[in-house]
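Visitor: One structure, pasted below without further comment.
Where a number appears in this text, it was derived from the coordinates with a stated rule and is not lab data. Since we're looking at a predicted model, the values are computed, not measured. Reconstructed Cβ throughout: ideal geometry from the backbone, glycine too, with neighbour counts over all protein chains shown.
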Amino acid sequence: MMKNNLIDKLFQGLFVAVFVAIVATGLMITLPKYRQAEGLDRTCADLQHRIDLKKKEIAAVKDKQLRFKTDREFVEGLARENRRAFPGEIVFTFED
């Protein structure tokens with residue numbers, strides 16, 4: 001009986017040791033992956049922010065392109081600012 005009790009205690013201790021080793025191994029494997037996932041989430045958020053900024057820039061460029069196609073006064077105003085003229089037109093500029 002004493003021998004069985006000793007063997008039972010030995011198996012219980014061995015079971016606890018194996019269980020603790022399995023849990024520790026799981027934690028050692030999982031924690032770095034969790035930290036890596038957090039870093040990837042931050043990178044993803046940063047990239048999404050940059051994508052949103054680029055989309056806004058593209059929308060502004062498309063709006064300006066539309067203005068070039070449809071708004072003659074806008075185009076003429078830009079041309080005048082850059083000292084451009086229609087063929088045969090005489091332009092007087094006054095400098096301070």
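Visitor: Near Lys55, which lysines are there with a Cα under 27 Å away, not counting those fewer than 8 places off in the same chain?
Guide: In chain and number order, the partners are Lys64, Lys69.
Visitor: With axes computed from alpha carbons, what is the tilt in degrees of helix 72-81 against the longest principal axis of the chain, rounded to the nearest 10 within 0 to 90?
Guide: Computed tilt is about 80 degrees.
Visitor: Further question on the same structure: Measure nothing fancy, just the Cα-based angle from helix 2-70's long axis to the longest principal axis of the chain, in degrees from 0 to 90, nearest 10.
Guide: Between helix and principal axis, roughly 0 degrees.
Visitor: With springs only between Cα atoms under 10 Å, which of Leu31, Leu53, Leu14 fluctuates most in a Gaussian network model of the chain?
Guide: Checking each option, the largest mean-square fluctuation is seen for Leu14.
Visitor: Same structure, new question: Nearest 500 deg cm²/dmol is fine: what mean residue ellipticity at 222 nm does the chain get from its DSSP H runs of n ≥ 4 alone, each adding -39,500 (n - 2.57), divided by its residue count?
Guide: -30500 deg cm²/dmol
Visitor: Can you give the longest run of the chain that contains no trypsin sites (Lys or Arg not before Pro) sitting in a DSSP loop with at most 12 other Cβ atoms inside 10 Å?
Guide: Result, exposed sites excluded: 1-82.
Visitor: When the chain is modelled as a GNM with alpha-carbon springs shorter than 10 Å, which of Gln12, Gln36, Gln48 fluctuates the most?
Guide: Gln12
Visitor: Report the residue, chosen from Ala60, Ala37, Ala21, that carries the largest GNM mean-square fluctuation when the chain is represented by alpha-carbon nodes joined by springs under 10 Å.
Guide: Result for the chain, Cα springs under 10 Å: Ala21 fluctuates most.
Visitor: Also: For region 2-96, run through the GluC sites (Glu not before Pro) and keep only the ones in DSSP coil with at most 14 other Cβ atoms within 10 Å of their Cβ.
Guide: Within region 2-96, the qualifying GluC sites (Glu not before Pro) (loop, at most 14 other Cβ atoms within 10 Å) are Glu89, Glu95.
Visitor: Among (1) 19; (2) 34; (3) 69, find the value of percent of Cα pairs over 23 Å apart that was calculated from the structure presented, and write down its label.
Guide: (3)
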